[in-house]
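Trainee: Here's a structure for you.
Derivation of every value follows stated rules applied to the coordinates shown; laboratory data play no part. No experiment lies behind these values; they were computed from the predicted model shown. Don't worry about glycine lacking a Cβ; one is built from the backbone with ideal geometry, like all the others, and counts go over all protein chains shown.
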Amino acid sequence: MKVALILSGTVIVLLLLAFLPNILTRVMDPGNMRVIRAHCDAVGLSDVEIKRWPNHYGVSFRKNGKRHYAKCRVAGGTIKWKGKSPEQY
């Protein structure tokens, strides 16, 4: 009986660890996307589309009539742009 409890507890912990990235993604992504969208609105960008990727967010936007794409990460509510930020276009 004890062995079955220990084994089932171990399996449950391993499953939680395996699905932890997916769980955190579902919890963190809406907030991160709101931060990105608020930044884009403050800069004055239009037609903003945000797409999730495993290691970054892809932000498509229109500035001065031209379509652009930028990559970023959000850490602690701060946006870190990979390459050019939207202000640089």
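Trainee: Of M1, M33, how do they rank once you tally other Cβ atoms within 10 Å and put the fewest first?
Mentor: Listing M1, M33 from fewest to most nearby Cβ atoms yields M1, M33.
Trainee: Same structure again: Sort 80-86, 56-62 for me by packing, meaning the mean count of neighbouring Cβ atoms within 10 Å per residue, highest on top.
Mentor: Ranking, from highest mean packing down: 56-62, 80-86.
Trainee: Using only the alpha-carbon atoms, how far is helix 2-43 inclined from the longest principal axis of the chain? Give it as 0 to 90 degrees, nearest 10.
Mentor: Long axis of 2-43 versus the principal axis of the chain: about 10 degrees.
Trainee: How large are Rg and Dmax for the stretch 2-88 when calculated on the C-alpha trace, in angstrom?
Mentor: Radius of gyration, then largest Cα-Cα span, for the stretch 2-88: 18.7, 68 Å.
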